[in-house]
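**Q** Quick one: structure below, then a few questions.
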Amino acid sequence: LGDTLKDEIIERFLPEEVSEAEREEISKYSLQEVCEYIDEEVGDHARLREYLKERFKNVEPAGFHYKLTAYPWKKIYTVNIDDLVERVYAKNGKKLLIQNQKKEKEERADTDAQYIKLHGCVAGDVEDMVFSSREYKRLINGMMNFKLNSLVFDIQRENFIFIGASMDEPDIDHYIT
């Protein structure tokens, strides 16, 4: 969960010279704000993204996760960067087209579902990950990519499933509104 990850990041990336009062204040920040602080104030953007990539790689699914493939989903959206769904589909022998790049992959014909990773992926470029406040603002104010266009279209048609979102992501709120 976000708060657990936030605490891990504070423990791992906050310099020792940060006072106890500052640590207490930073611990009240949201995950997005903590990532922004580490990126901007500590200057550890690249190392934080590499940590996040390693932290969410090879996630072991629980038994109930395998039920995900029981329904013939056409599109699955997520803001999670982990590889859990990819592992579930692979272990269940189902084909999944993973949309984790800036450009759309077209080979849909032989896949069971399309998995659209809106905020990056452990198998992708760390620069595509969205965690800090600045990255959310860039996503909202920047040029729409095919993944966001697809989400907006599907929101209007009510034809999608969203996995792993607490629905407090500013970009998702923006597009739903």
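The values are calculated or read from the model by the stated rules, or taken from the named source; none is laboratory data. These figures come from a predicted structure and were not determined experimentally. When we count neighbours, we look across all protein chains shown, and the Cβ atoms used for this are built from the backbone with ideal geometry, even at glycine. Side chains are part of the model used for accessible areas, which takes the heavy atoms of the whole protein and leaves out ligands, DNA and RNA. Shrake-Rupley method; radii C 1.70, N 1.55, O 1.52, S 1.80 Å.
**Q** For the charge dipole of the range 20-177, defined by +1 on Lys and Arg C-beta atoms and -1 on Asp and Glu C-beta atoms about the Cα centroid, which residue among 26, 43, 144 has the Cα displaced farthest towards the positive pole?
**A** Positive-end residue among those listed: 144.
**Q** Let me ask you something else. Placing unit charges on C-beta atoms (Lys and Arg positive, Asp and Glu negative, everything else neutral), compute the dipole magnitude of the range 22-97 about its Cα centre in debye, rounded to 20. Display every interim value, and only then the final one.
**A** Details: 14 positive and 15 negative charges, 217 e Å.
Its charge dipole is roughly 1040 debye.
**Q** Any idea what angle helix 146-157 forms with the longest principal axis of the chain, computed on alpha-carbon atoms, 0 to 90 degrees, nearest 10?
**A** 60
**Q** Further question on the same structure: Obtain the nm distance between the two label points defined at residue 110 and residue 60 by a simple spin-label model: each point lies 7 Å from its Cα along the Cα-to-C-beta direction.
**A** 3.3
**Q** If you don't mind, another one. Given contacts defined as C-alpha pairs under 8 Å and at least six residues apart, what's the relative contact order of the chain, whole-number percent?
**A** Numbers: 228 pairs, mean separation 39.3, N = 177.
Relative contact order comes out at 22 percent.
**Q** Return one whole number: the accessible area per residue of the range 1-154 in Å², for a 1.4 Å probe.
**A** On the way: 8550 Å² over 154 residues.
Result: 56 Å² per residue.
**Q** How do 119, 174 rank by accessible surface area computed with a 1.4 Å probe, from largest to smallest?
**A** Of 119, 174, the descending order of accessible area is 174, 119.
**Q** I've got another one for you. So which lysines pass the test for residue 57, namely a Cα distance under 25 Å, with those fewer than 8 places away in the same chain ruled out?
**A** 6, 67, 74, 75, 91, 94, 95, 102, 103, 105, 117, 147
**Q** Here are some values of P(r) over Cα pairs in 10 Å bins from 0, in percent: (1) 9, 36, 34, 17, 5, 0; (2) 7, 13, 21, 24, 20, 10, 3, 1; (3) 10, 37, 36, 16, 1. Which one was computed from this structure?
**A** (1)
**Q** Calculate what fraction, in whole %, of the accessible area of the range 1-126 sits on carbon and sulfur atoms when a 1.4 Å probe is rolled over the protein chains.
**A** C and S atoms contribute 48 percent here.
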